[in-house]
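Taking it in order: structure first as structure tokens, then the write-up.
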Amino acid sequence: MPEACDPLARLRAAAAAREAAGLGRALRPRQPGPDPLTDLASNDYLGLAKHPLVIEGAVTAAGSWGTGATGSRLVTGSTALHDVLERSLADYLDAEAALVFSSGYLANLASITALAAALGQPPQAGPAGTPGQPRRDGTLVLSDEYNHASLVDACRLARARVEIVSHQDPVAVAHALACRQEPAAIVVTESAFSVGGHLAPLAELHRISRAHGALLVVDEAHALGVVGDGGRGAAWQAGIATAPDVIRTVSLSKALGAQGGAVLGASEVIGTLVNTGRGFIFDTALAPPAAGAALAALQLLAADPDMARQARDNARRLGATAERFGLAVTPAEAAVVRIVLGDPGLAVAAQRICAGHGVRAGCFRPPSVPREQSCLRLTARASLSEADFMAAARALAAVRDHVRTAAAVGRN
Ligand SMILES: Cc1ncc(COP(=O)(O)O)c(C=O)c1O
């Protein structure tokens, strides 16, 4: 077979080009038991993933309901565990109703595609009482340019016109909503941005969305458990949690240390997802151990709401340390600290340097972020110790030295 037609040869060529651009990725082994590194890379913001009560929640759920959900809840039935988790999430987060998914990714995919289709339908039912066909020109979806890949993919799958709006730009959102031809619109944003850790202007976005009859979908993956009183999230903090035109998505896989996702909103929204959300209907339900773990974690958060503040304080302290070393830090409003290095190679080197100093750090580069925003991403946990902070300071000092040396070499 000629080399140009050989599919594996093409994959090898693409991999070589990725490596040459400093964009290769590889899986690194992870050991069981106590973590030998100071973990500043995971999204386990409250340190609950290995909490004994969370583990017990998973084990008890597996004992009662099995290790897997065995099918979609519409086919094999809805367990009391799923119902209790949904009621508990809705109560804690001041929502009318909640629906859990097997991942936060799917919660985003299902909610945006289903809502765009449902809103885009003509008001009258089709022949013989069947729903009208969704129309591509029925709904406009506005998505912040820095939204997470799961939101990007949801927009791509939505049968609707999608416009990407510049980052945190309520004026651009208002303009696009005012100029639209479509009768319906959805505005989509993260609340605490996953890479930068900064908050979206939610109150303003909601005011604009409401003024133009649009729904606001807010992804709280990195805000749940961290932002707002008791970690109730950024929408709650902005005073829009109970608004009927606000829909929140959350991940159970980050601050709650479990696995899964949920959508919170009005009962009409949840009913729409149960009936038309493909990521709900055609996916095996959230696994019982994950549901049990998430429920136990939520109970721990409710019992100790100060954990959320502790995670935020620790993030600010990490950010202040990086700033002291002259690194470019985005002010931490959640538990994420972004140190912009501006070059993928530099970001990878910084991550390696941190590992050499006993610190696990995240490294973001294209396609996760634009090239010039390649960065080191540190995440704080509520349970960070003084030893962890000291390790972080040593690692960041070494990163600073490396950045200086690289700049000096670049100048010469
Ligand atoms: C902003 C955001 N939304 C959604 C998700 C997906 O959540 P999950 O990991 O539970 O699938 C992530 C995960 O990284 C995320 O960062």
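Placing +1 on each Lys and Arg Cβ and -1 on each Asp and Glu Cβ, with no other charges, gives the chain a dipole about its Cα centre of roughly 1060 debye. Grouping the Cα pair distances of the chain into 10 Å bins from zero gives a pair-distance distribution of 5, 21, 29, 26, 15, 4, 1, 0 percent in increasing distance order. Beta-bridge orientation, segment 182-330: approximately 35 percent antiparallel, per DSSP, counting only bridges with both partners inside. Summarising the overall dimensions of segment 1-126 from its C-alpha atoms, the Rg and Dmax are 22.4, 62 angstrom. What value, in deg cm²/dmol to 500, does the helix sum -39500 (n - 2.57) over DSSP H runs of n ≥ 4 give at 222 nm once divided by the residues of the chain? Value at 222 nm, helices only, nearest 500: -14000 deg cm²/dmol.
Remark: segment 319-326, residue by residue, has Karplus-estimated 3J(HN,Hα) of x, 5, 5, 4, 5, 4, 8, x Hz, where x stands for each Gly or Pro and the curve is 6.51 cos²θ - 1.76 cosθ + 1.60 at θ = phi - 60°. Working value for segment 166-212: equivalent-ellipsoid semi-axes of 21, 10, 9 Å, each the square root of 5 times a Cα gyration tensor eigenvalue, largest first. Normalising the Debye intensity of segment 1-69 to I(0), with uniform scatterers on Cα atoms only, and taking log10 at q = 0.14, 0.16, 0.20, 0.26 Å⁻¹ returns -0.75, -0.80, -0.94, -1.17.
Normalising the average separation of contacting C-alpha pairs (under 8 angstrom, six or more residues apart) by the number of residues puts the relative contact order of the chain at 22 percent.
Phi angles of segment 231-247 translate, via the Karplus equation with coefficients 6.51, -1.76, 1.60 and θ = phi - 60°, into HN-Hα couplings of x, 6, x, 7, 5, 4, 4, 7, x, 10, 4, 8, 5, x, 9, 10, 10 Hz per residue; Gly and Pro are given as x. Once the Kirkwood radius over Cα pairs is known for segment 232-302, the Stokes-Einstein relation at 10 °C and 1.306 mPa s delivers a diffusion coefficient of 119 µm²/s. For the chain, the antiparallel share of DSSP beta bridges with both residues in that region comes to about 50%.
Ignoring ligands, DNA and RNA, please state the percent of accessible area on segment 331-409 from carbon and sulfur, probe 1.4 Å. Taking all protein chains in place, segment 331-409 shows 59 percent carbon and sulfur surface.
When LEU27, LEU346, LEU286 are compared by accessible area of protein heavy atoms, the largest-first order is LEU27, LEU346, LEU286, using a 1.4 Å probe. Based on Cα atoms of segment 237-387, Rg over Rh with Rh as the Kirkwood radius reads 1.04. At a probe radius of 1.4 angstrom, the accessible area of the chain per residue rounds to 45 square angstrom.
Diffusion coefficient (Stokes-Einstein, Kirkwood radius over C-alpha pairs, 4 °C, 1.567 mPa s) for segment 268-337: 83 µm²/s, rounded to a whole number. Amide H contacts for ALA334 (H built 1.01 Å from N in the peptide plane; partners 5 or more residues away or on another chain; cut-off under 5 Å): none found. Extension gain, SER385-ALA407: 0.36 nm per intervening residue step, less the Cα-Cα distance, totals 4.6 nm.
Taking all protein chains together and rolling a 1.4 Å probe, HIS206 ends up with roughly 20 Å² accessible.
Charges were assigned to the Cβ only: +1 to each Lys and Arg, -1 to each Asp and Glu. The resulting dipole of segment 313-361 about its Cα centre is roughly 140 debye. Helix 104-120 axis versus longest C-alpha principal axis of the chain: approximately 40°, rounded to the nearest ten.
The values are calculated or read from the model by the stated rules, or taken from the named source; none is laboratory data. Not measured: the values here are computed from a predicted model. A quick note on method: Cβ atoms are made from the backbone with ideal geometry, for glycine too, and the neighbour counts reach across all protein chains shown. These area figures cover heavy atoms from the full protein model, side chains too; ligands, DNA and RNA do not enter into them. Shrake-Rupley method; radii C 1.70, N 1.55, O 1.52, S 1.80 Å.
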